[in-house]
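Comments concern the structure below.
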There are 2 protein chains.
Amino acid sequence: MKDAEVICPGSGEGQTIPKGGMQLLVTGSIGIDTVSTPYGRAEGVLGGSAVYFSFAAAHYVPVRLVGVVGEDFPDGFRETLKSRNIDLTGLESRQGSKTFRWHGRFHGDMNQAETVCVYLNVLAEQGPCVPAAFSDSDAVFLANTHPTLQRELLGQLSSPKLVVCDTMNHWIEGERESLLQTIGRVTGVILNDAEARQLTGRGNLIEAAETILGWGPGFVMVKKGEHGALLMTAEGPTAIPAYPTKQVRDPTGAGDSFAGGVLGYLSAEGKDDVASLRRAMVHGTVTASFAIEGFSLDRARQVGRADIEQRAEQFMRMLRLE
Amino acid sequence: MKDAEVICPGSGEGQTIPKGGMQLLVTGSIGIDTVSTPYGRAEGVLGGSAVYFSFAAAHYVPVRLVGVVGEDFPDGFRETLKSRNIDLTGLESRQGSKTFRWHGRFHGDMNQAETVCVYLNVLAEQGPCVPAAFSDSDAVFLANTHPTLQRELLGQLSSPKLVVCDTMNHWIEGERESLLQTIGRVTGVILNDAEARQLTGRGNLIEAAETILGWGPGFVMVKKGEHGALLMTAEGPTAIPAYPTKQVRDPTGAGDSFAGGVLGYLSAEGKDDVASLRRAMVHGTVTASFAIEGFSLDRARQVGRADIEQRAEQFMRMLRLE
């Protein structure tokens, strides 16, 4: 894939956001998932990185969702997204194509998904376009996809202030140079512990995060699943545990829900100084903790901002140790 | 091994301890280690669970060390122990026997030791005796050993108030009934995440800790290495991260140094309410973080109480997130 000029038709109304907040855009996968865990099985449910992200972030600010689905994408899923402060102007429904599908399984300590099968479908085709009305977005989350596509999408925004990307082992192995170019152009990187280690060749996670920080971004957040998260900035590391919960029914989307809580919080605050990043990591932790309590978006849909604030307060109280 | 009457000769002077503190006793292994990590190799160095524990705990209160070594135990090691507020009245040097030896290796993320070889030597013989002068100990740490031996040692104390045990996969597999009896008689259990899961058959660590709590102890602490620690009491869980450090040269003894910091702190405080347990877990985290910065006790020997307090304060400040 080469960097290419992308001309994007389309338009959409901006939404009212809290004063001082940022307009938040996300691009990533929108999928139809089938997931098995020791607690049951969900077949043909709404999933994908951009979806989990949007559901979490929409607690804080309206979310501009940019992605492509196939003609098989159920109307019901569209309604579910619309119900949550998520602007679908950038959701392209491509005729003749099929929606991305993922079939995964969790067992044991449920820290790692086993992919049973995956059909990229429309994700293997031309990427989505950012509608003109979204080009003024201040904050953007480039969920895991080809790093060149991440830069192309970024190139469609006029003056983003907060740009955060994720990635995965596939691109670390096969598109390292392109990925490093993307990382050099973002404000922050959010990735998991295995990816941070693989990307840097460092076994020690603090060293790994510092190494990525040295490539340009202002912050690095490392997601560690049940083990919590790590923030690295020029001021040093902040490590926090995960929210301790027995209610882990389906970890699918935990990482993207975490990113959604982080970016949603930062967008509402309208800043990304270290104190805000630390609090944002708490919000990411809490939105992720709700996401995993049910299959697909079942639990996340029941949760309101007050639930999030309450759990965030409880979590911070747990960590007040003096 | 059966529960047996143990008659223990020996005597020793009690030491002056901070007002309100508890007399702390530890029984466990005292060994000669050979360790390889990516940072180097240490051959024939002082090690063992009771030794690492004692070095950490002795920052807070004098420690009564109970254990057995062979006639090959170097005088220099004895001097090293004596230099640190560690009472060796209960250290039996058994003629005709050899000291426990362990040869281990760490690589990759250094979370797991690979045992190259182990010679139980004197540890396979009759256990140590608690000197009469130590029978009034208020606090005791029963480091990992045969659970029946743990109870025998406990039976030699007149009225201990704070009794904490560790264990390992070997006893969980082979001596489960005896281990459950020991757990039913202690105030607290400190064990690692893999052991908690294996012991309870629960993949979720919160459930695992709750299950153990249900067997009788007042608290359970789960050590998670680089991922921190979890405290479970009737009031619910407290999860904390590890102290974030790039300085991981040799993880040997991290878990026992953690336990030493916890018990040392609680013994000095003279109480084990939930607030004290939470702060004790911070101290365990910090004493462990120093232990792993050098081979054997190299780093731990350079550290003073002021260094511990300073790092504990820094760690708690990191976790003040509001």
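The values are calculated or read from the model by the stated rules, or taken from the named source; none is laboratory data. What you are looking at is a predicted structure, and each value in this text was computed from that prediction instead of being measured. Because the Cβ atoms are built from the backbone with ideal geometry, glycine has one as well, and the counts that use them run over all protein chains shown. What goes into the accessible areas is simple: the full protein's heavy atoms, side chains included, and nothing from ligands, DNA or RNA. Shrake-Rupley method; radii C 1.70, N 1.55, O 1.52, S 1.80 Å.
Are there GluC sites (Glu not before Pro) in the stretch A:253-314 that DSSP marks as loop and that have at most 10 other Cβ atoms within 10 Å, and which are they? In loop regions of the stretch A:253-314 (DSSP not H, G, I, E or B), there are no sparsely surrounded GluC sites (Glu not before Pro).
Across peptide A:227-239, the average count of Cβ atoms from other chains found within 10 Å of a residue's Cβ is 4.
Given axes a ≥ b ≥ c from the Cα gyration tensor, I'd like to know whether the stretch A:239-322 is rounded (a/c under 1.5), prolate (a/b larger than b/c) or oblate. If you can, show how the numbers build up before the last one.
On the way: a/c = 1.84, a/b = 1.31, b/c = 1.41.
Note, shape of the stretch A:239-322 comes out oblate.
Just to verify a number: FRET efficiency for A:Q112 and A:D136, C-beta to C-beta distance, R0 = 56 Å, to 0.05? In this case the efficiency is close to 0.90.
FRET efficiency for the pair A:E125 and B:R176, taken as 1/(1 + (r/R0)^6) with r the Cβ-Cβ distance and R0 = 56 Å, rounds to 0.50. Normalised per residue, the accessible area of chain B is 38 Å², obtained with a 1.4 Å probe and no contribution from ligands, DNA or RNA.
For B:192-198, what's the mean count of beta carbons from other chains sitting within 10 Å of each residue's beta carbon?
Working: counts 0, 3, 1, 0, 0, 2, 0.
Partner-chain Cβ atoms within 10 Å, mean over residues of B:192-198: 1.
Put a plus charge on the Cβ of each Lys and Arg, a minus charge on the Cβ of each Asp and Glu, and nothing anywhere else: the dipole of chain B about its Cα centre is then about 520 debye.
Couplings 3J(HN,Hα) for the stretch B:131-145, derived from phi with the Karplus relation 6.51 cos²θ - 1.76 cosθ + 1.60 (θ = phi - 60°), are x, 3, 5, 9, 5, 8, 4, 8, 10, 9, 10, 9, 5, 3, 6 Hz, where x marks Gly and Pro. Helical runs assigned H by DSSP (4 residues or longer) give the protein assembly as shown a calculated mean residue ellipticity at 222 nm of -10000 deg cm²/dmol, each run adding -39500 (n - 2.57) before division by the residue total.
Rounded to the nearest percent, how much of the accessible area of chain B (1.4 Å probe, protein heavy atoms only) is carbon and sulfur?
Values: 5820 of 12350 Å².
For chain B, the apolar C and S fraction of the accessible surface comes to 47 percent.
Using a 7 Å offset from Cα along Cα-Cβ at B:N169, what residues in the stretch B:108-133 end up with backbone N under 12 Å from the label point? Answer for this model: B:112-115. Taking the average, over residues, of other Cβ atoms within 10 Å as the packing measure, peptides A:93-101, A:299-307 rank A:93-101, A:299-307 from highest down. Label-point distances for A:G76 to the equivalent site in the other copies, using a point 7 angstrom along Cα→C-beta, read 7.4 nm when ranked shortest first. With the simple spin-label model, which puts each label point 7 Å out from Cα in the Cβ direction, the B:Y39 to A:R317 separation comes to 3.9 nm. Given the options A:G261, B:L319, A:V51, identify the residue whose Cα lies farthest towards the positive end of the charge dipole of the protein assembly as shown (+1 on Cβ of Lys, Arg; -1 on Cβ of Asp, Glu). Of A:G261, B:L319, A:V51, it is B:L319. The alpha carbon gyration tensor of chain A gives principal lengths a ≥ b ≥ c with a/c below 1.5, which makes the shape rounded. With point charges of +1 on the Cβ of Lys and Arg and -1 on the Cβ of Asp and Glu, referenced to the Cα centre of chain A, which listed residue (A:T187, A:P244, A:G203) lies farthest in the positive direction of the dipole? The one lying farthest along the dipole's positive direction is A:P244.
The value of relative contact order for the stretch B:132-213, using C-alpha pairs under 8 Å at least six residues apart, is 26 percent. DSSP beta bridges fully contained in the protein assembly as shown are about 40 percent antiparallel. Spin-label model, A:K82/B:S83: points 7 Å from Cα along the beta carbon direction are separated by 7.6 nm. Once the gyration tensor of the Cα atoms in the protein assembly as shown is diagonalised, the equivalent ellipsoid follows with semi-axes of 52, 23, 22 Å, ordered largest first.
Placing dummy labels 7 Å off each Cα toward the beta-carbon, the span from A:A234 to A:A275 is 1.8 nm.
Could you tell me what percent of the DSSP beta bridges with both partners in chain A are antiparallel, to the nearest 5?
Numbers: 21 of 53 bridges.
Beta bridges within chain A, antiparallel portion: roughly 40 percent.
Quick check on my link table: of A:K224/B:K246; A:K98/A:K161; A:K271/B:K223; A:K224/A:K246, which ones sit more than 27 Å apart, alpha carbon to alpha carbon? Violating the 27 Å Cα-Cα cut-off are A:K98/A:K161; A:K271/B:K223. The dipole here belongs to the protein assembly as shown: it is taken about the Cα centre, uses +1 on the Cβ of Lys and Arg and -1 on the Cβ of Asp and Glu, and is about 600 debye.
At a probe of 1.4 Å, how much accessible area disappears from chains B and A on forming the pair, both sides counted, to the nearest 100 Å²? Don't skip to the answer; put the middle values down first.
On the way: alone 13830 and 13870 Å², together 24740 Å².
Summing both chains' loss of accessible area gives about 3000 Å².
When DSSP assigns beta bridges and you keep just the ones with both residues in the stretch B:18-70, what percent turn out antiparallel, to the nearest 5? DSSP beta bridges in the stretch B:18-70 are roughly 60 percent antiparallel. Checking the a/c ratio against 1.5 first, then a/b against b/c, what shape does the Cα gyration tensor give for the stretch B:121-200? Note, shape of the stretch B:121-200 comes out oblate.
How high is the relative contact order of the stretch A:20-147? Use alpha-carbon pairs under 8 Å, at least six apart in sequence, and give a whole percent. The value is 33 percent.
Under 17 Å from a label point set 7 Å out along the Cα-to-Cβ vector of B:D307, the amide N atoms of the stretch B:78-121 belong to B:80-81, B:83-85.
Using the alpha-carbon centroid of each, what span in Å lies between the stretch B:189-205 and the stretch B:76-100? First find each Cα centre; the distance between them is then 32 Å.
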